[in-house]
Amino acid sequence: MEDKTNAGADSGLITIQYDNRIVWNFGLATIIWGAVGMLVGLIIAIQLFYPALNLGIPYTTFSRLRPLHTNAVIFAFVGNCIFMGVYYSMQRLCKTRMFSDLLSKIHFWGWQLIIVSAAITFPLGITTGKEYAELEWPIDIAIAIVWIIFGINFFGTIVKRREKHMYVAIWFYIASWITVTVLHVFNSLELPVSFLKSYPIYAGVQDALVQWWYGHNAVAFFLTTPFLGLMYYFMPKAAERPVYSYKLSIIHFWSLIFLYIWAGPHHLLYSTLPDWAQTLGMVFSIMLIAPSWGGMINGLLTLRGAWDKVRENPILKFMVVAVTAYGMATLEGPTLSIKSVNALSHFTNWTVAHVHIGALGWNGFLTFGILYWLVPRLFKTELYSKKLANAHFWIGFIGIVMYAVPMYWAGIAEGLMWKQFTPDGILQYPNFLETVTQIIPMYIIRAVGGTLFLTGVILMLFNLFKTVKKGSLAKNEEAYAPAMIELHIEKQKPHRWLEAKPLWFGIVALLAVLVGGLVEIIPMYVIKTNVPTISSVKPYSPLELEGRDVYISEGCYTCHSQLVRPFRSETARYGEYSKSGEYVYDHPFQWGSKRIGPDLHREGRKYPNSWHYNHLMNPPNVSPGTIMPPFPWLAKDRIDIDFTSSKIQTMISLGVPYSTMLLNKTKQEYMYQANGIVTDLKDAGIKADPETKIIALIGYLQRLGIDIKASTTAQK
């Protein structure tokens, strides 16, 4: 519906009809997907101390549900909230309806279909195995198309705006759209094998760098910068106060988007990534404290003179805790990037606690505050119950505390136990399971905290449902505005000039975020010595390649790392520390980010084939007290060996040096190695089919780390 001249109003004013239907569509999706994502999170939290909840079927295991939980919370709950807030605020800040109602609808339904596709493919084991980017290539393309549609609608609205000055919230929206576009495109470059199977074009260390350049900055430019835009719009609205400092907003914005993009390598400290890249990531992470806290201070000081309202208003309570959680998380993140701290925290539940302070506190509470403020206005009514909103706040706040505190406790306990030696110089806790059983009480308390947080969400569902029932949606909300509000550009204020030029603003923002990524990534591709090769490291055999795909499909990377860091405690526990040349054929890399189980990079030939078979079929029989679920379907599900040659061909296209002879004899090579494992199992009294997934997975596990062992043995 177009904006129209209003004959009944003063001359020069026009009538604007804001599209509230699209805002409510995204708001409703936010509420629904938030409840779903948090419910799945609670289920997997319980599975960690009650493995029977895995149900013994492939679709409900922790390892398949975890990426469903993370994607549901990030892209469904948070994503829909971003779009809800952007569509509401953009129309009012630009004094115009969105550029295209049709594009708005396509964006909404396209995004929901992407979320549904994730909800289907992840439980089916269809995944790329790259954290926060697990969706397969057709869905990646769909994401790109829908994101571009959103971009056209977004920038089209800016072009047709009647307010030349671009408010600070729009700056953050622009930077978010531009950077997420770059991140998604480069991290999702993959070579398809079939409709739902692909391999990334990057391998090993290069893949790790690109993935965590994406992974860290997906947090930065999807979970942070757009939410800062929402903070700058909705917090002043809720407090009925102007933003504390325009100048601080400028410093906050430009320093944040420039520094953030450099920090990705802090996820890879003590890995085989070159030291210069690790150091850059650490230094820029520490520098991030300044702009992050500048934003927090700007948000909190916006409430100056309104603290009486905070005590009475649950909306402001949610927002204050959200901004405080943002400040705490952005102080802790740089702290965890300091090498000495990271040596203790990495792979532990400390990281889980840190992430959830941001997810539950910053993203969750700000979303709740926005919903409580926005829904009554969309439906032209009052919130059904302020008491229920206050109850939601306190239940959710206690839930966050009960979630985070035991996870911090568990994380520090894990880190210390892994490193503890006896006075004789022997690992005090050589069995990894000793650590797992020690922190199970913490998992139980964490689940209680999660239950409380979800209970608060359910209260919100009821409260908002009752609010909607007693109101009526103003689908096309009328407002009046001048035909164009001119901006008087002062020569001494260049940023004001830039705010009136969205094209130049976007170009400068793009340059600001590209610099760090280019400086870190390009040398990894043009300087060959950054990824040295090892002559003894050979490509995976057809059986091992299929086994690796089973490992990824089952989500084993969610619980196990494949990276032995150069610490005495790790080499004593696992063996020789990992080398970058060992990963040159890994498409994708599998270093992992959390050790719920032990590291597997030196797992090859550590145990007999029969041990692995029994461990996969019934883990407690082999490791009493383990929380690992059984995988009985692996002994029944078969590998399509005729398809293996297509995977080999794709790997050849990616530069893996497979021979033409192997390509022509893929099935024979596969069966030869598989039959060897089956024969060995038969000698141990186990009957197995050579074409089943469990045989392929055993073949892969027995391969891990043996190339470097062979090289070391040869040198001796």
Only listed residue being under 30 Å from Asp637 (Cα atoms) and more than 20 Å from the chain's Cα centre (by Cα), chosen from Leu113, Leu53, Leu102, Leu68: Leu53
Pick from segment 656-708, criterion among the acidic types (Asp, Glu) and not in a helix (DSSP H, G or I), ranking: surrounded by the fewest Cβ atoms within 10 Å (Cβ to Cβ): Asp689
Selection from segment 87-114 of residues that are assigned to a helix (DSSP H, G or I), among the β-branched types (Val, Ile, Thr) and buried (at least 20 other Cβ atoms within 10 Å of the Cβ): Ile114
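Go through Val375, Val310, Val323 for me and flag whichever is in a helix (DSSP H, G or I), over 30 Å from Lys470 (Cβ atoms) and β-branched (Val, Ile, Thr).
Details: Val375 fails: over 30 Å from Lys470 (Cβ atoms); Val310 fails: over 30 Å from Lys470 (Cβ atoms).
Only one candidate passes the filter, namely Val323.
Yes/no per residue for (1) within 18 Å of the chain's Cα centre (by Cα); (2) among the aromatic types (Phe, Trp, Tyr); (3) under 25 Å from Ile74 (Cα atoms); (4) assigned by TED's automatic domain parsing to the domain that holds Thr128:
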residue: Ala175; (1), (2), (3), (4): no, no, yes, yes
residue: Thr181; (1), (2), (3), (4): yes, no, yes, yes
residue: Glu190; (1), (2), (3), (4): no, no, yes, yes
residue: Asp207; (1), (2), (3), (4): yes, no, yes, yes
residue: Ala220; (1), (2), (3), (4): yes, no, yes, yes
residue: Pro226; (1), (2), (3), (4): yes, no, yes, yes
residue: Leu230; (1), (2), (3), (4): no, no, yes, yes
residue: Phe234; (1), (2), (3), (4): no, yes, yes, yes
residue: Ala239; (1), (2), (3), (4): no, no, no, yes
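Please state which one of Leu39, Leu28 is surrounded by fewer than 19 Cβ atoms within 10 Å (Cβ to Cβ) and either touching a residue at least 24 places away in the same chain (Cβ under 8 Å) or not assigned by TED's automatic domain parsing to the domain that holds Phe122 (or both).
On the way: Leu28 fails: either touching a residue at least 24 places away in the same chain (Cβ under 8 Å) or not assigned by TED's automatic domain parsing to the domain that holds Phe122 (or both).
Step by step, each of Leu39, Leu28 is checked, and only Leu39 is surrounded by fewer than 19 Cβ atoms within 10 Å (Cβ to Cβ) and either touching a residue at least 24 places away in the same chain (Cβ under 8 Å) or not assigned by TED's automatic domain parsing to the domain that holds Phe122 (or both).
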Matching entry among Ile14, Ile22 (being more than 21 Å from the chain's Cα centre (by Cα), on the phi < 0 side of the Ramachandran plot and modelled with pLDDT under 95): Ile14
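Here is a yes/no grid of residues against (1) of a type outside the set (Lys, Arg); (2) in contact with a Phe, Trp or Tyr (Cβ under 8 Å, 6 or more places away or on another chain); (3) not assigned by TED's automatic domain parsing to the domain that holds Glu554:
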{"residue": "Lys665", "(1), (2), (3)": "no, no, no"}
{"residue": "Tyr670", "(1), (2), (3)": "yes, no, no"}
{"residue": "Ala674", "(1), (2), (3)": "yes, no, no"}
{"residue": "Leu681", "(1), (2), (3)": "yes, yes, no"}
{"residue": "Gly685", "(1), (2), (3)": "yes, no, no"}
{"residue": "Asp689", "(1), (2), (3)": "yes, no, no"}
{"residue": "Ile694", "(1), (2), (3)": "yes, yes, no"}
{"residue": "Asp707", "(1), (2), (3)": "yes, no, no"}
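Given Ala133, Ala76, Ala142, which one is surrounded by fewer than 23 Cβ atoms within 10 Å (Cβ to Cβ), in contact with a helix residue (DSSP H, G or I) (Cβ under 8 Å, 6 or more places away or on another chain) and within 29 Å of Leu371 (Cα to Cα)?
Working: Ala133 fails: surrounded by fewer than 23 Cβ atoms within 10 Å (Cβ to Cβ); Ala76 fails: surrounded by fewer than 23 Cβ atoms within 10 Å (Cβ to Cβ).
After applying the criteria, what remains is Ala142.
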Tally, over segment 520-549, of residues that are surrounded by fewer than 21 Cβ atoms within 10 Å (Cβ to Cβ) and among the basic types (Lys, Arg): 2
Cross-chain or 6+ apart pairs with Cβ under 7 Å, segment 184-207 first and of a type in the set (Asp, Glu), then assigned to a helix (DSSP H, G or I) and modelled with pLDDT of 95 or more: Glu190/Trp137
Condition broken by Leu331, with the remaining ones in (1) within 29 Å of Tyr557 (Cα to Cα); (2) crowded, with 22+ Cβ neighbours inside 10 Å satisfied: (2)
Which numbered condition Val352 fails, given (1) of a type outside the set (Gly, Ala, Ser); (2) surrounded by fewer than 22 Cβ atoms within 10 Å (Cβ to Cβ); (3) under 23 Å from Leu300 (Cβ atoms): (3)
Sole exception among (1) surrounded by fewer than 15 Cβ atoms within 10 Å (Cβ to Cβ); (2) in contact (Cβ under 8 Å) with a residue 40 or more places away in the chain for Trp418, by number: (1)
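Give the number of residues within segment 251-278 that are assigned to a helix (DSSP H, G or I) and crowded, with 17+ Cβ neighbours inside 10 Å. Steps first, answer last, please.
Step one: filter segment 251-278 for residues assigned to a helix (DSSP H, G or I), giving 251-260, 264-268, 275-278.
Now drop any that are not crowded, with 17+ Cβ neighbours inside 10 Å, which leaves 252-260, 264-268, 277-278.
Matching residues across segment 251-278 total 16.
The values are calculated or read from the model by the stated rules, or taken from the named source; none is laboratory data. Everything numeric in this text was worked out from a predicted model, so none of it was measured. Because the Cβ atoms are built from the backbone with ideal geometry, glycine has one as well, and the counts that use them run over all protein chains shown.
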